[in-house]
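Trainee: Have a look at this one before I ask anything.
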């Protein structure tokens, strides 16, 4: 029986090649003394820290989590088709729930919130109540007041 991790997360030549390409480019830049300076990295961090950069990062995270969710669905369906996984496996259902609701939903929701720019009202203010709690009237008795 081959496990879920061997199907969903395997090394490919393109993945390993991309890692080696990044390392080789960095080594060439470091040896020729043209590697990015601390100020350049700080400027890049400031750009990413801007609202547009946050939207870009969150959209990339949303895309990544969406692709991983689809890969997880297909791997689980393949395991079910080969009778290696029961359809009522709680671990598989929790993995799908995390991938779809938590990971993708939170990054996509944060991206939409950032694009909107308006902060949502507190739950109490949305229900018509005062957003800040008011203390009870001073009765001269110790807190809490019991009646």
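The values are calculated or read from the model by the stated rules, or taken from the named source; none is laboratory data. Note that the coordinates shown come from a computational prediction; the quantities given were computed from them, not determined experimentally. Neighbour counts run over all protein chains shown; Cβ positions are idealised from the backbone, glycine included.
Trainee: For the range 59-66, check the following and say yes or no: at least one residue is part of a helix (DSSP H, G or I) and not assigned by TED's automatic domain parsing to the domain that holds residue 110.
Mentor: Checked the range 59-66: no residue is part of a helix (DSSP H, G or I) and not assigned by TED's automatic domain parsing to the domain that holds residue 110.
Trainee: Scan 80, 55 and give me the residue that is free of Cβ contacts under 8 Å to residues at least 40 places away in the same chain, assigned to a helix (DSSP H, G or I) and at negative phi.
Mentor: 80
Trainee: Within the range 28-40, identify whether any single residue is modelled with pLDDT of 80 or more and within 22 Å of the chain's Cα centre (by Cα), and answer yes or no.
Mentor: Checked against the condition, which is being modelled with pLDDT of 80 or more and within 22 Å of the chain's Cα centre (by Cα), the range 28-40 yields no hits at all.
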